[in-house]
Amino acid sequence: MLKSAFLALLLCMAPLARADVSFSSAHALVVDEDSGEVLLEKDADTAAPIASMTKLITAMVVLDAKLPPDEVIRIDRADLDTLKHTFSGVPVGASFPRHTLIEIALMSSDNHAAAALARTYPGGDTAFLDAAQKKIAELGLENTGLVEPTGLSPQNHASAKDMVKILKAATVYPEITQATSQPSSRIVVNGRTRLFRNTNHLVGAPGWDISVSKTGFTNEAGRCLTMRLEAAGRKLLVVLMGAMAGSERSLDAYNIQRFVGGEPIVAEARPVKRVSYNRASYRHATYHRRHAAR
């Protein structure tokens, strides 16, 4: 309801003359998928925490392993959040097929589901992280690091340019496209049907054609969003990182769509505090450090 009210407010605002989008997000990049042309950019080379956008890498690593999609996985206490001590997520003891955990982790950004996927990777968490590092190298990511599968750690970082590469790679996976392009899904949890919603409320909204999407938020990362959308007949790869509020992130997305369509932008963005990371503190970070903190 709040999201609908915000979109309605956008439509009521007096549009400004057409100009380059002034982003509220600290880092932004918009690329034409077919031509590779950079349409809009803001500090796209600086690495910053990526929060739950991490889960795109998690899903790709798990899918690359070609593990049985129908294998049932039980959520364990080891899957709980010991970094920030958040409580949201499917409950301990609940069981799901692996493909459903991928769906929940991506669509609803469920941290317990993402942790369970890494824990049950052949060889466990350490082997998962090794595979993730290989995936980072395979994709040619120059400013990306991963120390755990959920995005809760601020040590999971990437630049907007690297996130565009991650997003483009994710579009090849039908499981990721299917999971992230649906507004919601009804899934049985402990014998009762529960409605899981997409954390990107633009998915399924009128006027939005989004085929791959992932949001992210932590205090360190700010409000983040990466998505593949079609606007004005063009397929766009969009990355927004470090907005202070969800409304600012949504306004950035809305103005991207209007800009590409040749329409006036709705409002000038407000300046925000940039979110970045200390490169030296991440260079030697390992997944084992996270477990030692437990």
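State yes or no: is S159 within 18 Å of L63 (Cα to Cα) and polar (S, T, N, Q)? The answer is no for S159. Within the set S22, S35, S95, S88, the sole residue that is within 21 Å of H201 (Cβ to Cβ) and among the hydroxyl-bearing types (S, T, Y) turns out to be S88. In this structure, T193 does not satisfy being at pLDDT 95 or above and in contact with a helix residue (DSSP H, G or I) (Cβ under 8 Å, 6 or more places away or on another chain).
Every condition in (1) aliphatic (A, V, I, L, M); (2) modelled with pLDDT of 95 or more; (3) surrounded by fewer than 21 Cβ atoms within 10 Å (Cβ to Cβ) holds for A115 except the one numbered (3). Being farther than 17 Å from D81 by Cβ and surrounded by fewer than 16 Cβ atoms within 10 Å (Cβ to Cβ) is a condition met by at least one residue of the stretch 140-152. When residues in the stretch 111-137 are screened for being outside any helix (DSSP H, G or I) and either hydrophobic (A, V, I, L, M, F, W, C) or free of Cβ contacts under 8 Å to residues at least 24 places away in the same chain (or both), 1 of them pass.
Residues that are under 17 Å from V189 (Cβ atoms), touching a helix residue (DSSP H, G or I) at 6+ places or on another chain (Cβ under 6 Å) and either in a loop (DSSP other than H, G, I, E, B) or among the acidic types (D, E) (or both) within the stretch 66-110 comprise I75, D79, G89, V90, V92, E103, S109, D110, listed in sequence order. Residue check: is L40 surrounded by 15 or more Cβ atoms within 10 Å (Cβ to Cβ), farther than 24 Å from M107 by Cβ and in contact (Cβ under 8 Å) with a residue 60 or more places away in the chain? Yes; evaluated as a whole, the condition is true for this residue. Only residues that are surrounded by fewer than 23 Cβ atoms within 10 Å (Cβ to Cβ) and of a type in the set (S, T, Y) were counted across the stretch 215-229, and they come to 1.
Considering A78, A94, the condition of being of a type outside the set (K, R), more than 30 Å from S25 (Cα to Cα) and in contact with a strand residue (DSSP E or B) (Cβ under 7 Å, 6 or more places away or on another chain) is satisfied by A94 alone. When residues in the stretch 229-239 are screened for being in a strand (DSSP E or B) and either farther than 18 Å from K168 by Cα or free of Cβ contacts under 8 Å to residues at least 40 places away in the same chain (or both), 3 of them pass. For the stretch 276-291, the criterion of being in a loop (DSSP other than H, G, I, E, B), at pLDDT 95 or above and either exposed (fewer than 13 other Cβ atoms within 10 Å of the Cβ) or touching a Phe, Trp or Tyr at 6+ places or on another chain (Cβ under 7 Å) (or both) is satisfied by no residue at all.
Here W208 fulfils each of the conditions (1) hydrophobic (A, V, I, L, M, F, W, C); (2) touching a Lys or Arg at 6+ places or on another chain (Cβ under 9 Å); (3) touching a residue at least 12 places away in the same chain (Cβ under 8 Å) apart from (2).
The values are calculated or read from the model by the stated rules, or taken from the named source; none is laboratory data. From a predicted model like this one, the values you see are computed outputs, not experimental measurements. Every residue, glycine as well, gets a Cβ built from its backbone with ideal geometry; the counts of neighbours run over all protein chains shown.
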